[in-house]
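J.: If you scroll down you'll find the structure; I have some questions about it.
The values are calculated or read from the model by the stated rules, or taken from the named source; none is laboratory data. For clarity, every value in this text was computed on a predicted model and none was experimentally measured. Every residue, glycine among them, receives a Cβ derived from its backbone with ideal geometry; neighbour counts consider all protein chains shown. Heads up: the accessible areas ignore ligands, DNA and RNA and are worked out on the full protein's heavy atoms, side chains in. Shrake-Rupley method; radii C 1.70, N 1.55, O 1.52, S 1.80 Å.
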Amino acid sequence: MKRTLQQAFAVCMISLLSASMILPAFGEEESEKTGWVQEADGRWACLDSNGEKKTSTWVLGKDRNHYYLDDDGYMAAGTVVDDGDDIYYVDEKGVRVVNCWASQSNADGLWDEDVDTIWYYIGPKGKAKKQENHAYHIKDRAGEMQKYFFDDEGHMLSGWQKILNNDGNYDTYYLGNENQGYVHTQWQYLMVPDDPDDEILDNPSKSYDGYEMFYFGWDGKMKRSDESKLENGQQFGFDENGVMLTGWAPAIHSYNPNRPGNDSSRDNLGINRYYDEVTGIMATGWLYTTDPDTDGSGDPHWFYCDKEDGYLYNEGGKDSDGVLGWKKIDGQIYFFDDYGHLVTGLISTGDNDVSGSPFAESEFDFTGTGVIGTGGNARPAGIYYLSQNEGTLGQMVKGKRIHLSVDGESETYHFSNAGWAYANVLVDDHIYGDDGAMLHSDSGWEIFTMDKDIYDKDDIREDDGDVTVRTGAEPLIRAGETVIVNKSGKVKKKGNIKVEGTHYDVTDYVATVHVDEK
C-alpha cells in the first residue's frame, strides 16, 4: 500500500466536504465584532463576544465541522493537533478529519524515526489511534483489512518492531516500509536488521549475507529458534534471529569419552538437524551429505534423521552405551556411529580383531567399544556385518552364512539369528576363527593349530546382553590342538588322513600324528 499526503486527504474529503464549500463557515451569531475574521495575511481567526481571538480551542462551524484555534488564535490547517491527551488532525481547510489516514512530512524531524512521512489513523471521533502495543485492524487505502501498531503519539510504526504482548514478553513483527505499516505475514524475504540498537536481533553479532527468509505466522509474529514451522507436512527451523535455517543446525559436534581418539573440541553433539540448502525443509529419514562440522567439505555419508523431530540419530553416541547405536528401519537393522554415520562393512566391538579384513572399512574402528544400543535393547559386543551392497547398504546380516569377496580376496562368515558372528566356534563341521572368518585351505587338506579354545555352536548363547559359553560346557578343540580342514572349510571329524606326507589320526576333530609316523 502506498499513500501520499494528497491521497490521504482525498479519502477524508470525499465524505466531508462539498466542492462549493467556502471555509471556514460562519456561525449564526457572528457579526462584525464576533465570529470568523480573515486577516491581511490570509489567516483565519475567530473572535469571542469581546472581540478577542479564541485560542487553544475547538470551534464548531455552521457546516457542523470542527476547527481548531492555535495558541496564537489562528485556525490550524494541514497539521496534527495535540489537545490534552488526544491527538487530532485537521486538513488543509482546517476541518477536523474522521475515519481516514492522515500524514505529515517529517522533514523538520518531528519524529526521531528515519522516515520521510509520518502516518496517523484518525478514528470516528477524530482522535488518532495511539495505544502502544495494541493491534488495530484497519482497512488500508485499497480497502483491505490490515493489522497496524502505533506509538503513544499516534505515529504509525513501520519496519522491524518488537511489540510487548499480554504475557509481558515481546513479539517481533515486520511492518513494511514507512508507507505500508501493516503486519506482514507468512514467508518474507527481507534484509536482516543491522542496527544493534534496534534490539530486534537476539544475537546481533551473527553475520548474514544480506537478505534472508523469515516466517511470520498468520498473526504476524516472527518464528525464532525455540519454534518451528510445519507446512504441508514439512517442517522448517529458524535461528535465534528468526532467519530460516539451511544445512546443518547448529552444526556443532561434541566430545564422547567412550570413543577412542575423541577430544573435547566436539561440544554439544546430538542436537543437529538438517535443512535443505534451498527450500529450508527439515530432513527426515535417510540423508546423504557431509558432516555437520565440515561446512560442506569432506566426504559425504549416509545419516538417518528422526521422522518426527528430525534429530540426527545417535549423534554423540546418545543412543548407545558405548559408541554405536542401532535402529530398526523398515524392518531392517542398521548401525550408526557417534557422528551419526551409517556403518557399513565388517566391524568388531569386542575383543575380536577384524582390522585386517578386506571387508572392514577404514573409516570405522570399533574394537573394544562394547555393546550396541542402550538398556534392555542393547546388542552384545561382537563381530557384525553391515551390507556393503548398494541395494541393501548398511543392513545387518543375521541368521545365515555369507561368502564375501573383494579384489580377489574372499572369506566366509556365519551369523546368528541375533546378528553377531560366530567366533572360535564350530558350526556344522566348519570352524570360525577369532576374527569370525571360516578356516579353509587354499587347496586340498591343510593343518591348522588352534590359538584359542573352540566350542560347539550349541554351547554359545546370548545371556544378559553378552555372548557367552554355556556354563559347564567344555571346548570341542582346545588351544594348541590341531585340526585338518579342506578348501571348502570342512573340518575332518574322525579317521585317518595323509597331509603333506604325514599320516594323522583324527578323533572328534582333533588330529594327531599317526603312531608309526611319530
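J.: So, Asp70, is that one within 48 Å of the chain's Cα centre (by Cα), at pLDDT 90 or above and open to solvent by 40 Å² or more (accessible area, probe 1.4 Å) or not?
T.: Details: within 48 Å of the chain's Cα centre (by Cα): no; at pLDDT 90 or above: yes; open to solvent by 40 Å² or more (accessible area, probe 1.4 Å): yes.
Considered against the rule, which asks whether it is within 48 Å of the chain's Cα centre (by Cα), at pLDDT 90 or above and open to solvent by 40 Å² or more (accessible area, probe 1.4 Å), Asp70 comes out as no.
J.: Hey, could you check segment 41-51 for residues that are within 27 Å of Asp85 (Cβ to Cβ) and not aromatic (Phe, Trp, Tyr) and say which is most open to solvent (accessible area, probe 1.4 Å)? Please lay out each step first, then the result.
T.: Kept after step one, since they are within 27 Å of Asp85 (Cβ to Cβ), are these residues of segment 41-51: 44-46, 48.
Applying the additional criterion that residues be not aromatic (Phe, Trp, Tyr) yields 45-46, 48.
Working: Ala45: 0, Cys46: 5, Asp48: 45 Å².
Applying the filter and picking the extreme gives Asp48.
J.: On to the next question. Could you identify the single residue in Asp429, Asp464 that is in contact (Cβ under 8 Å) with a residue 60 or more places away in the chain, over 30 Å from His301 (Cβ atoms) and either among the hydrophobic types (A, V, I, L, M, F, W, C) or surrounded by fewer than 20 Cβ atoms within 10 Å (Cβ to Cβ) (or both)? Break it down stepwise before answering.
T.: Values: Asp464 fails: in contact (Cβ under 8 Å) with a residue 60 or more places away in the chain.
Criteria check complete, one pass: Asp429.
J.: Sticking with this structure for a sec: Residues in segment 17-33: is at least one among the aliphatic types (A, V, I, L, M), at pLDDT below 90 and under 60 Å from the mean Cα position of the chain (by Cα)? First the steps, then the outcome.
T.: First, the residues of segment 17-33 that are among the aliphatic types (A, V, I, L, M): 17, 19, 21-23, 25.
Of the ones still in play, those that are also at pLDDT below 90 are 17, 19, 21-23, 25.
In the following step, the residues that additionally are under 60 Å from the mean Cα position of the chain (by Cα) were identified as 17.
Yes, because at least one residue in segment 17-33 is among the aliphatic types (A, V, I, L, M), at pLDDT below 90 and under 60 Å from the mean Cα position of the chain (by Cα).
J.: Counting just the residues of segment 68-89 that are free of Cβ contacts under 8 Å to residues at least 24 places away in the same chain and out of contact with any Gly (no Cβ under 6 Å at 6 or more places or on another chain), which one comes out farthest from Gly143 (Cα to Cα)? Write out each step before concluding.
T.: So in segment 68-89, the residues free of Cβ contacts under 8 Å to residues at least 24 places away in the same chain come out as 70-72, 76-77, 81-82, 84-85.
Then drop every residue that is not out of contact with any Gly (no Cβ under 6 Å at 6 or more places or on another chain), which leaves 70-72, 76, 81-82, 84-85.
Working: Asp70: 34, Asp71: 37, Asp72: 39, Ala76: 29, Val81: 26, Asp82: 28, Gly84: 32, Asp85: 29 Å.
Filtering segment 68-89 for residues that are free of Cβ contacts under 8 Å to residues at least 24 places away in the same chain and out of contact with any Gly (no Cβ under 6 Å at 6 or more places or on another chain), the one farthest from Gly143 (Cα to Cα) comes out as Asp72.
J.: Would you check which residues across segment 367-384 are of a type in the set (A, V, I, L, M, F, W, C) and either over 10 Å from Trp420 (Cβ atoms) or not in a loop (DSSP other than H, G, I, E, B) (or both) and list them? Spell out the reasoning first.
T.: Filtering segment 367-384 for residues of a type in the set (A, V, I, L, M, F, W, C) gives 371-372, 378, 381, 383.
Residues satisfying the conditions are Val371, Ile372, Ala378, Ile383.
J.: Whether any residue in segment 486-493 is modelled with pLDDT of 95 or more, over 24 Å from Glu411 (Cβ atoms) and open to solvent by less than 60 Å² (accessible area, probe 1.4 Å) is what I want to check.
T.: no
J.: In segment 494-513, which residue that is in a loop (DSSP other than H, G, I, E, B) and open to solvent by less than 60 Å² (accessible area, probe 1.4 Å) is farthest from Asp434 (Cα to Cα)?
T.: So the residue we want is Gly501.
J.: Can you name the residue in segment 179-194 that is open to solvent by 20 Å² or more (accessible area, probe 1.4 Å) and in a strand (DSSP E or B) and, of all such residues, is nearest to Lys206 (Cα to Cα)?
T.: Met191
J.: Scan segment 444-451 and tell me whether some residue there is acidic (Asp, Glu), within 28 Å of Ser405 (Cα to Cα) and surrounded by 12 or more Cβ atoms within 10 Å (Cβ to Cβ). Reasoning before the result, please.
T.: Initial filter on segment 444-451 (acidic (Asp, Glu)): 446, 451.
Those left that are additionally within 28 Å of Ser405 (Cα to Cα): 446, 451.
Pick out the ones that are also surrounded by 12 or more Cβ atoms within 10 Å (Cβ to Cβ) and you get 446.
Yes, segment 444-451 contains at least one residue that is acidic (Asp, Glu), within 28 Å of Ser405 (Cα to Cα) and surrounded by 12 or more Cβ atoms within 10 Å (Cβ to Cβ).
J.: Another one. Return yes when Val95 is open to solvent by less than 40 Å² (accessible area, probe 1.4 Å), more than 13 Å from Tyr120 (Cα to Cα) and among the β-branched types (Val, Ile, Thr) and no when it is not. Explain how you work it out, then say what you get.
T.: Numbers: open to solvent by less than 40 Å² (accessible area, probe 1.4 Å): yes; more than 13 Å from Tyr120 (Cα to Cα): yes; among the β-branched types (Val, Ile, Thr): yes.
Against the criterion (open to solvent by less than 40 Å² (accessible area, probe 1.4 Å), more than 13 Å from Tyr120 (Cα to Cα) and among the β-branched types (Val, Ile, Thr)), Val95 qualifies.
J.: Also, I was wondering about something else. Do we have Phe335 as surrounded by 20 or more Cβ atoms within 10 Å (Cβ to Cβ), without any contact (Cβ under 8 Å) to a residue 60 or more places away in the chain, among the aromatic types (Phe, Trp, Tyr) and on the phi < 0 side of the Ramachandran plot here? Steps first, please.
T.: Values: surrounded by 20 or more Cβ atoms within 10 Å (Cβ to Cβ): yes; without any contact (Cβ under 8 Å) to a residue 60 or more places away in the chain: no; among the aromatic types (Phe, Trp, Tyr): yes; on the phi < 0 side of the Ramachandran plot: yes.
Judged against the criteria, Phe335 is not a match.
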